[in-house]
Amino acid sequence: MDLYDFKKSYEMFEAAQAVIPGGINFPRTPRFLTYGEHPVFIQRAEGPRLWDVDGNEFIDYMCAFGAVLLGYNHPRVEEARSRQAALANSTTMPSNLWLELAQFLVREIPVADWVVYGKNGSDATTFAAMAARAHTGKPGIAMAHHAYHGLHNWCIESDAGIPPEYKTHVHRFNYNDVEDLEELIKNKRDQLAAVFLTPVGHWAMRDQEAPAPGFFEAVRKLCDSNGLLFIMDDIRCGFRYQYEGTHAYYGEAEPDLICFGKCITNGHPLSVCLGKKHVMESAQKVYWSGTYFYEAAPMAAAMACMKEIKESGAIEKIRVMGSKFQQGLKDQAGAHGLKVSVTGHPSMPYMTFDTDPSLEKSRFFCGAASRRGIFLHPHHNWFVSAALSDQDLARTLEVTDACFKLVKEKYY
Ligand code: PMP
């Protein structure tokens, strides 16, 4: 096949840098992807596919960085969203959906006795941190090394524009290491409000790490015996492993608060922080308001999306398709004599090559795949769409096989 060319995308990227700092934000900037080998601007999206501004077609394994589970432009979700948008979206007082969606979430998600709305995932995690601080009267948040909980000042690892004192309230521990967390809590107990966790260790540029058996139970116990809240940041994994929340996939321990965003709406701006009754009074004290927090159309999308996920068996479908994808990658790498590490739940796979600490081989592999119509990210875990067909997967594996061959020729 002719390899794709991204001429128009990169002309636009040049132009974007003149009017937008950096052109595109991390981690979607071409500098973070594979410069020159990935499309930069997208014109159309449907099901598991993207079309870029140069007219190239892709099977997409990033799904809007996890926001799209059912496939792009899903008819049930879009119909519900458009119907509500035609009735009312941003209005002086909230719409009826403000209550209806909250009641729906409280019925559907066992941990939820109440709901607070935001737009991006970062809104939900910020609310959770504020609620925990209001509840305990303490400022400290324990979180895993490398964990990403959003872009706001209280949790971001970068430095530019962030007064350094914010970092004094963040206390890091090693994911999956109960003793390390125990030691941290022992030393900082009088300062800590909460332990924040993502259900899975899925940090950028690293293999993914599932929670060890009993890890969440141990965190729950430590939080209970030290008066801390246990907060699950389920923004990225939520609704991909298990409908009730990813913690439930791994056992019995329940967090006090859960944050969902991304695929709760299949790609529309809404996030939620859900909580247990005993935190409700404190949650009520937190000042929380945003012009667009009241938007009704994304709420209609959320209800339609959750119903579709539940009724269509989408979670099982992405697990099965993702397992076939993971197995295919392992078999192909083995057949080419290459050592790879394929990690993560099948619905969120990721692959790295051995002896590739800077991910150069990954960048080459993902760039080669992109020029052949398969969109993968070298530094970030991938996402499987429920709209993916067996033919799409077969085409994907044809391309990855060709890309493994190229990696072998170039690096071994
Ligand atoms: N938490 C986790 C685990 C995430 O993966 C992300 C986004 N990648 C966020 C929080 C922040 O979500 P958003 O980008 O929607 O603000």
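The values are calculated or read from the model by the stated rules, or taken from the named source; none is laboratory data. As the structure is a prediction and not an experimental result, all values here were calculated from the model. Note that each Cβ is placed from the backbone with ideal geometry, even for glycine, and that neighbours are counted across all protein chains shown.
I'm told residue 129 meets every condition in (1) within 16 Å of the ligand (Cβ to nearest atom); (2) at pLDDT below 95 except one. Can you identify the failing condition by its number?
So residue 129 meets the others, but not (2).
Taking the residues in region 245-262 that are within 16 Å of the chain's Cα centre (by Cα) and away from the ligand (no atom under 11 Å from the Cβ) as candidates, determine which candidate is surrounded by the most Cβ atoms within 10 Å (Cβ to Cβ). Full working, then the answer.
Start the filter on region 245-262 by keeping residues that are within 16 Å of the chain's Cα centre (by Cα), which leaves 245-247, 258-262.
Filter again for away from the ligand (no atom under 11 Å from the Cβ), leaving 245, 247, 258.
Working: 245: 24, 247: 25, 258: 29.
Filtering first and then ranking leaves 258.
Do we have residue 117 as surrounded by 19 or more Cβ atoms within 10 Å (Cβ to Cβ) and of a type in the set (Ser, Thr, Tyr) here?
When the stated conditions are applied, residue 117 passes them.
Looking only at residues in region 112-126 that are among the aliphatic types (A, V, I, L, M) and in a strand (DSSP E or B), which one is farthest from the ligand (Cβ to nearest atom)? Before you say what the answer is, go through the steps one by one.
The initial filter retains those residues of region 112-126 that are among the aliphatic types (A, V, I, L, M), namely 112, 115-116, 124.
From the residues that got through so far, the ones that are in a strand (DSSP E or B) too are 115-116.
Working: 115: 17, 116: 15 Å.
Per the criteria, the residue is 115.
Any residue in region 234-248 that's at positive phi: show its pairings with residues that are of a type in the set (Gly, Ala, Ser) and within 12 Å of the ligand (Cβ to nearest atom) at Cβ separation under 8 Å, as long as the two are six or more apart or on different chains.
245/238
Which condition from (1) more than 17 Å from residue 149 (Cβ to Cβ); (2) more than 16 Å from the ligand (Cβ to nearest atom) is the one that residue 239 breaks?
(2)
Let's see how each residue does on (1) more than 16 Å from the ligand (Cβ to nearest atom); (2) part of a helix (DSSP H, G or I):
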position	(1), (2)
68	no, no
76	yes, yes
85	yes, yes
92	yes, no
98	yes, yes
106	yes, yes
110	yes, no
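Pairs, please: C-beta under 6 Å, at least 6 apart or cross-chain, first residue over 23 Å from residue 385 (Cα atoms) and in region 253-268, second within 14 Å of the ligand (Cβ to nearest atom) and part of a loop (DSSP other than H, G, I, E, B)?
As it stands, the answer is 258/234; 258/245, since those pairs meet every condition given.
Restricting to region 1-46, count the residues that are surrounded by fewer than 15 Cβ atoms within 10 Å (Cβ to Cβ) and among the polar types (S, T, N, Q).
Residues that pass the stated criteria total 3.
So which of 181, 151 is part of a helix (DSSP H, G or I), assigned by TED's automatic domain parsing to the domain that holds residue 213 and surrounded by 15 or more Cβ atoms within 10 Å (Cβ to Cβ)?
On the way: 151 fails: part of a helix (DSSP H, G or I).
Going through 181, 151 in turn, the sole match is 181.
Which one of these does residue 61 not meet: (1) out of contact with any strand residue (DSSP E or B) (no Cβ under 9 Å at 6 or more places or on another chain); (2) closer than 27 Å to residue 346 by Cα?
Condition (1) is where residue 61 drops out.
Among the residues of region 40-59, are any under 21 Å from residue 297 (Cα atoms) and part of a loop (DSSP other than H, G, I, E, B)?
Checked against the condition, which is being under 21 Å from residue 297 (Cα atoms) and part of a loop (DSSP other than H, G, I, E, B), region 40-59 yields no hits at all.
Results for (1) surrounded by fewer than 21 Cβ atoms within 10 Å (Cβ to Cβ); (2) modelled with pLDDT of 95 or more; (3) small (Gly, Ala, Ser), shown as yes or no for each residue.
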| position | (1), (2), (3) |
| --- | --- |
| 342 | yes, yes, no |
| 362 | no, yes, yes |
| 373 | yes, yes, yes |
| 393 | yes, yes, no |
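Which of the residues that make up region 134-146 are under 27 Å from residue 284 (Cβ atoms), buried (at least 17 other Cβ atoms within 10 Å of the Cβ) and either free of Cβ contacts under 8 Å to residues at least 60 places away in the same chain or within 11 Å of the ligand (Cβ to nearest atom) (or both)?
Our first condition is that a residue be under 27 Å from residue 284 (Cβ atoms); within region 134-146, this holds for 134-143.
Still in the running and buried (at least 17 other Cβ atoms within 10 Å of the Cβ): 134-136, 138, 140-143.
Across region 134-146, the qualifying residues are 138, 140, 141, 143.
In region 165-176, is there at least one residue being over 19 Å from residue 255 (Cβ atoms), at pLDDT below 95 and acidic (Asp, Glu)?
no
For residue 208, which of the numbered conditions (1) modelled with pLDDT of 95 or more; (2) within 14 Å of the ligand (Cβ to nearest atom); (3) in contact with a Gly (Cβ under 6 Å, 6 or more places away or on another chain) fails to hold?
Tallying (1) modelled with pLDDT of 95 or more; (2) within 14 Å of the ligand (Cβ to nearest atom); (3) in contact with a Gly (Cβ under 6 Å, 6 or more places away or on another chain), residue 208 fails exactly one: (1).
For region 273-290, which residues satisfy the criterion of being among the hydrophobic types (A, V, I, L, M, F, W, C) and closer than 20 Å to residue 245 by Cα? Don't jump to the end; show me each part of the working.
Of the residues in region 273-290, the ones among the hydrophobic types (A, V, I, L, M, F, W, C) are 273-274, 279-280, 283, 286, 288.
Of everything in region 273-290, those that are among the hydrophobic types (A, V, I, L, M, F, W, C) and closer than 20 Å to residue 245 by Cα turn out to be 273, 274, 279, 280.
So residue 67 ticks every box in (1) in contact (Cβ under 8 Å) with a residue 60 or more places away in the chain; (2) farther than 24 Å from residue 237 by Cβ; (3) assigned by TED's automatic domain parsing to the domain that holds residue 16 but one. Which box is left unticked?
(2)
Could you go through region 162-170 and let me know if any residue there is surrounded by fewer than 16 Cβ atoms within 10 Å (Cβ to Cβ), part of a loop (DSSP other than H, G, I, E, B) and polar (S, T, N, Q).
No, every residue in region 162-170 fails to be surrounded by fewer than 16 Cβ atoms within 10 Å (Cβ to Cβ), part of a loop (DSSP other than H, G, I, E, B) and polar (S, T, N, Q).
Step by step: first the residues of region 147-173, then only those that are out of contact with any strand residue (DSSP E or B) (no Cβ under 9 Å at 6 or more places or on another chain) and in contact (Cβ under 8 Å) with a residue 24 or more places away in the chain, then the one that is nearest to the ligand (Cβ to nearest atom). Which residue is that?
Only one residue fits best here, namely 151.
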